[in-house]
Amino acid sequence: MSFQLSEEQLMIQAMVREFARKEVAVTAAERDQTKAFPKTNLKKMGELGLMGMMVPVEYGGEGADTVSYVLALSEIAYACAATAVVMSVHNSITCESIVKFGSEDLKQRFLPKMATGKWIGAFALTEPHAGSDPVRQNATAVKDGDTYVINGTKRFITSGKNGHLVIVTAKTDPDAGHKGISAFVVKKGTKGLSVGHEEDKMGLRASDTVDLLFEDCRVPAANMLGAPGDGFKIAMTGLDGGRIGIAAQSLGVATAAFDAALKYAKGREQFGQKISKFQGLRWTIADMATEIEAARLLMLNAAALKDHGKKFTQQASMAKLFASEMVNRITGKALQMHGGYGFTKDYPVERFYRDARVFTIYEGTSEIQRIVISNNILKDKRKP
Ligand code: CAA
């Protein structure tokens, strides 16, 4: 497999890099402070085609490959991790699930608005007592004529407040385990769907994370993705792609932290010389660059497998596991290289350090990734 990027992929990367560094990065620190949702950025990203990258052209998207998508996503993450997570959940899980599992009617109704960024998507699987183990979720969807009535509470939902549409999973057959879970597309504003508690997070502060409350929320049966009982597989399939996206976010933040550390080390003098002259620091720089490169290759490998229609579950988990743990090491080292200044808000590394922390947690913890990887290697499934 070749990791040479095509001319088109390089062009997309360069275009997004220019946009992100010019327009997104400049307001990232302010957004982190004010927690303002990045509406203006997202609107421009919609205009640039970044909100429907893998949506087919006939539904208003770009029809781009996954490799182009992760390159673009990591450029946005380099500039603002909070904006990147909104882009990631919207593209990787929400749009992709509708593209893969939606009926023609659902695709026609929702994808054109989503692909242009007019509507932002959210994905609601997690519940207060069902995080790593979503099969034990409690939300229910009961058929009533040509509608389903959904009840339940979903937790930690990215873009649940500012998004316009949510894919929600709920049990249509509570006794059937994972085979009894179904997935529905629900428009915000639907009666019975409301926003509950909003989290006050240590990082990704401009991206909202909320509870979504479903109280006798009536949804047309035609809004079901796939068939009754397909919901868990739809979620797992979406998360496979989503996990490559988290690797891309990790890569973007790690590269930003590395560049900031290099700049600082080349400017800061101690003991009569630039600190970049000290061997201890040079070895740290070499280790950081090597880890970033390894994460980049794992991410590209998983994305390329997906683009070639090959199995990529294990490789997506490997990319997510390594990249998310790597960025936590890199942001820690970058902060350390800044000394006392790294601990202040005068330099962006303290934000990178906070933003990176959740990458080993959401879309499946590192522990869950290790279960997925070892199950795939050993082929004799072990329960978590
Ligand atoms: N693709 C397709 N199907 C899959 C699959 C995949 N990657 N993984 C599992 N399945 C299927 C299996 O084939 C099986 O179906 P059959 O019985 O028909 O063969 C079914 O799903 C059940 O599989 P398992 O028995 O392996 O399921 P499990 O209960 O043991 O759980 C798990 C597996 C990997 C632990 C899974 O529960 C998991 O990934 N947990 C983590 C959940 C998670 O990532 N949550 C993140 C929340 S979303 C989020 O963070 C978004 C955000 O807003 C940022």
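A short reminder: the numbers here are calculations on the coordinates, not readings from a lab. Small disclaimer: the values here were computed from a predicted structure and weren't measured. Positions of Cβ are backbone-derived with ideal geometry, glycine not excepted, and every protein chain shown enters the neighbour counts.
Which value at 222 nm does the chain reach when only helices count, each DSSP H run of 4 or more adding -39,500 (n - 2.57), with the total divided by all residues and rounded to the nearest 500 deg cm²/dmol?
Counting only the DSSP helices, I get -15500 deg cm²/dmol.
Tally Lys and Arg at +1 and Asp and Glu at -1 over the other residues with C-beta under 14 Å from the C-beta of V67: what net charge comes out?
Result for the neighbourhood of V67: -3.
By how many nm would the segment from A176 to E30 grow when fully extended, if each residue of separation counts as 0.36 nm and the alpha-carbon distance is taken off? Could the numbers behind the result be given before it?
Details: separation 146, 0.36 × 146 = 52.56 nm, distance 4.77 nm.
Result for the pair: 47.8 nm of gain on full extension.
Can you tell me the dipole magnitude for the chain around its Cα centre, using point charges on the Cβ only (Lys, Arg +1; Asp, Glu -1), in Debye to the nearest 20? Spell out each step's value before the answer.
On the way: 50 positive and 42 negative charges, 125 e Å.
In total the dipole reaches around 600 debye.
Fewest first, what order do K310, K379, K320, K233 take by the number of other Cβ atoms within 10 Å?
K379, K310, K233, K320
Grab the eigenvalues of the alpha-carbon gyration tensor for region 239-379, scale each by 5, take roots, and send me the semi-axes largest first in whole angstrom.
That gives 33, 14, 12 Å for the three semi-axes.
Pairs of alpha-carbon atoms within less than 8 angstrom and 6+ residues apart define the contacts here; what relative contact order does the chain have, in percent?
With pairs under 8 Å counted, the relative contact order is 16 percent.
Count neighbours as other Cβ atoms within 10 Å of each site's Cβ, and list the chymotrypsin sites (Phe, Trp or Tyr not before Pro) in region 267-342 that are DSSP loop with at most 10 such neighbours.
F271
Report the FRET efficiency, 1/(1 + (r/R0)^6), for D287 and F3, where r is their Cβ-Cβ distance and R0 is 25 Å, rounded to 0.05.
E between D287 and F3, to the nearest 0.05, is 0.70.
For region 4-84, calculate the relative contact order in percent as a whole number, restricting contacts to Cα pairs under 8 Å that are 6 or more residues apart.
Relative CO of region 4-84 lands at 37 percent.
For I246, I157, what's the fewest-to-most ordering of other Cβ within 10 Å of each Cβ?
So the residues, fewest neighbours to most, are I157, I246.
Can you put M224, M299 in order, fewest other beta carbons within 10 Å first?
Ranking M224, M299 by Cβ neighbours within 10 Å, fewest first, gives M224, M299.
Place a +1 charge on the Cβ of each Lys and Arg in region 206-319 and a -1 charge on the Cβ of each Asp and Glu, then give the dipole magnitude about the Cα centre in debye, rounded to the nearest 20.
680
How many Lys pairs in region 7-120 lie less than 16 angstrom apart by Cα atoms, where the lysines are 8 or more positions apart or on different chains?
Step by step, the pairs that qualify in region 7-120 add up to 9.
How are the Cα pair distances of the chain distributed, in percent, across 10 Å bins from 0?
Computed distribution, short to long bins: 5, 24, 33, 24, 10, 3, 1, 0.
For D259 and T147 in the same chain, what is the full-extension length gain: residue separation times 0.36 nm, less their Cα-Cα distance, in nm? Walk me through the numbers before you get to the answer.
Details: separation 112, 0.36 × 112 = 40.32 nm, distance 5.26 nm.
This chain segment gains 35.1 nm when fully extended.
Using the Cα centre of the chain as origin and beta-carbon charges of +1 (Lys, Arg) and -1 (Asp, Glu), tell me which of G332, I368, A124 is placed farthest towards the positive end of the dipole.
Looking along the dipole axis, the top candidate is G332.
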